[in-house]
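Following: one structure in C-alpha cells, then a few remarks.
Values quoted throughout were computed directly from the atomic coordinates according to the rules given, and no laboratory measurement underlies them. Model, not experiment: these values are computed from the prediction. Here the Cβ positions follow ideal geometry from the backbone for every residue, glycine too, while neighbour counts run over all protein chains shown.
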Amino acid sequence: MLNIAVIGLGWWGRIIVDNIRNSDKLRVVRVADVNPASEAFAREREIAFCASFEQVLADPAVQGVVLCTPHSQHTDQIVAAARAGKHVFCEKPLSMTRVDVLRAVAAVEQAGVALAVGHEKRFEPPILEIMRLVKDGSLGIPLQVEANFSQDKFLALASDNWRLSGAEAPAGPMTATGIHLLDLSIGVFGEADTVHCSVKQLGSPLTNGDTLAALVTFKKGGHALITAILATPFAGRFAVYGSKGWAEVRDKTHPEAPEGWTLTTHLRGESLKSVDMPPAPAVLNNLEAFADAAQGRAPYPVPREQMIANVSALEAIFRSAKSGGIEKVEG
C-alpha cells in the first residue's frame, strides 16, 4: 500500500481522492489545498488536511504525491517532491515547456523516485487494444490519427478560474482535453516534428478560446488531426488509420464517470467489426500503475521519453496558436 497526499482539491482532485478510496494499492493519508473551504471535504472523508505543500513534503508518512494543481506549478512541485524523496503522480500537462519537463524528469531520475502522469486515456481498454493493433502490425504502417475530445464542463466555471487563464491554458482547449489526444498520437508515432494550430472563440464566453484544431506531423512520418472544443456537449473519438486497416474508439461518456466505449475495426480482407466495451476504471488503473512503479512491482507503462515528447509538442502548439504559422518541435 502506497501512502499518498493529494495536492489540490478542485474538481479533479476530489475525483482522484474518491477514486483512490476503491484501491487496495494506494491510501490517501493527507490532502492539501490553498482554499480553507476544502477542509470540509477532507473532514467528510476523515483525511488529514493542510494548506501547505511544504507540510506534505515534511510528513514522513507520505510516500508519494498526486499533483492536481495549476499547470504552471507542476515543474517546481515535481522537483521539490523528488528532492524530498516522494514519488510523483502529476496531472497533465506534466510541464508547459520542454526546458521544464527536462528539469522535472532529471529531478526524479536523480532522486530515484517514480514519475507518472494523468493521461488516463492510455489505460482505457479500447485504447489499449488499438495500441496493440499498432504494435503488432495488424494495422500495417500507421498513416494518420484523427481525434476529438470535446466537453462543455468549463462553461460553468467562474471567468477568473485558473483553467481559463491565458497563463495556464495558452491554447484554449489544448491543456484541458487536446493534450490527451496529443499524448496518444505520440504513443502511435513517436516524437512530433511540426505543428500547425488554430484556436478560436466561436460559441461561448471563454475569451481564451473554445475551439481548437491542430495538425501535427511526426519524425517517423504520419499526421495527427486533433480537435478539441469547450463549447459543445461531450464527444470523444480516437482513430488510427494504417496501411492494412483502421481502428476507431468512441467514448460514451466523459472519463469522469465512464459508461463504456464502442470500438470499430476494419482490417484489409475482413469485414468491419464493431463491439461495445463495458466501462472500466481507467483513472484508478493509472493511479495503481503509479503505485506499482513506486513500489517496484512493474515499470510505469508510459515511457519518460514520450512524456518529454508530449510536452515538447505542446509547447510548439502554444507557439503556433499565437503565431498562426507552422512551428518546429524542439528536441
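Worth pointing out:
- Amide hydrogen neighbours beyond the local backbone of Phe234, cut-off 5 Å, H modeled: Asp152
- Expressed as a fraction of 2.2 N^0.38 Å, the value expected for a compact globular protein of N residues, the C-alpha radius of gyration of segment 2-119 is 0.98.
- Rounded to whole Hz, the Karplus (6.51, -1.76, 1.60) HN-Hα couplings of segment 236-247, x for glycine and proline: x, 8, 9, 9, 10, 10, x, 6, 10, x, 9, 9
- Dipole magnitude for the chain: computed about the Cα centre from +1 point charges on Lys and Arg Cβ and -1 point charges on Asp and Glu Cβ, it is near 500 debye.
- Candidates Gln63, Leu157, Gly112 compared by Cα position along the dipole of the chain: farthest toward the positive end lies Gly112, with charges placed on Cβ.
- Farthest positive-ward along segment 286-331 dipole, Cα basis, beta-carbon charges - from Ala291, Gln306, Ile317: Ile317
- Summed side-chain charge close to Ile7 - residues other than Ile7 whose Cβ falls under 10 Å, Lys, Arg +1, Asp, Glu -1: -1
- Gyration tensor (alpha-carbon) shape descriptor, segment 107-192, a/c threshold 1.5: oblate
- Among the listed pairs Lys219/Lys328; Lys121/Lys252; Lys244/Lys273; Lys244/Lys328; Lys135/Lys219; Lys200/Lys322, those whose Cα-Cα separation exceeds 19 Å are Lys244/Lys328.
- Charge tally for Thr175 (other residues, Cβ to Cβ under 13 Å; Lys, Arg +1; Asp, Glu -1): -2.
- Amide H contacts of Val28 (H built 1.01 Å from N, under 5 Å, at least 5 apart or other chain): Ile4
- Restricting the GluC sites (Glu not before Pro) of segment 18-70 to loop positions (DSSP other than H, G, I, E, B) with no more than 13 neighbouring Cβ atoms within 10 Å leaves Glu46.
- Residues Glu129, Glu330, Glu315, Glu288, sorted so that the one with the fewest Cβ neighbours within 10 Å comes first: Glu330, Glu129, Glu288, Glu315
- Axial C-alpha extent at least 27 Å, average Kyte-Doolittle at least -1.0 - helices from the chain (DSSP): 304-323
- Proximal lysines relative to Lys86, as straight alpha-carbon distance under 17 Å, when same-chain residues fewer than 8 apart are discounted: Lys25
- Estimated dipole of segment 1-119 in Debye, rounded to 20 [Cβ of Lys and Arg +1, of Asp and Glu -1, Cα centre]: 200
- Percentage relative contact order, segment 207-326, counting C-alpha pairs under 8 Å, at least six apart: 12
- When each of Ser165, Ser95 is scored by the number of other beta-carbon atoms lying within 10 Å, the sequence from fewest to most is Ser165, Ser95.
- Taking the charge dipole of the chain about its Cα centre, with +1 at Lys and Arg Cβ atoms and -1 at Asp and Glu Cβ atoms, the residue from Ser23, Asn208, Ala192 reaching farthest to the positive side is Ala192.
- Filtered trypsin sites (Lys or Arg not before Pro), segment 25-61: DSSP coil and at most 14 other beta carbons within 10 Å: Arg45
- Convex hull volume of segment 121-328 per residue (C-alpha atoms, cubic angstrom): 128
- DSSP beta bridges fully contained in the chain are about 60 percent antiparallel.
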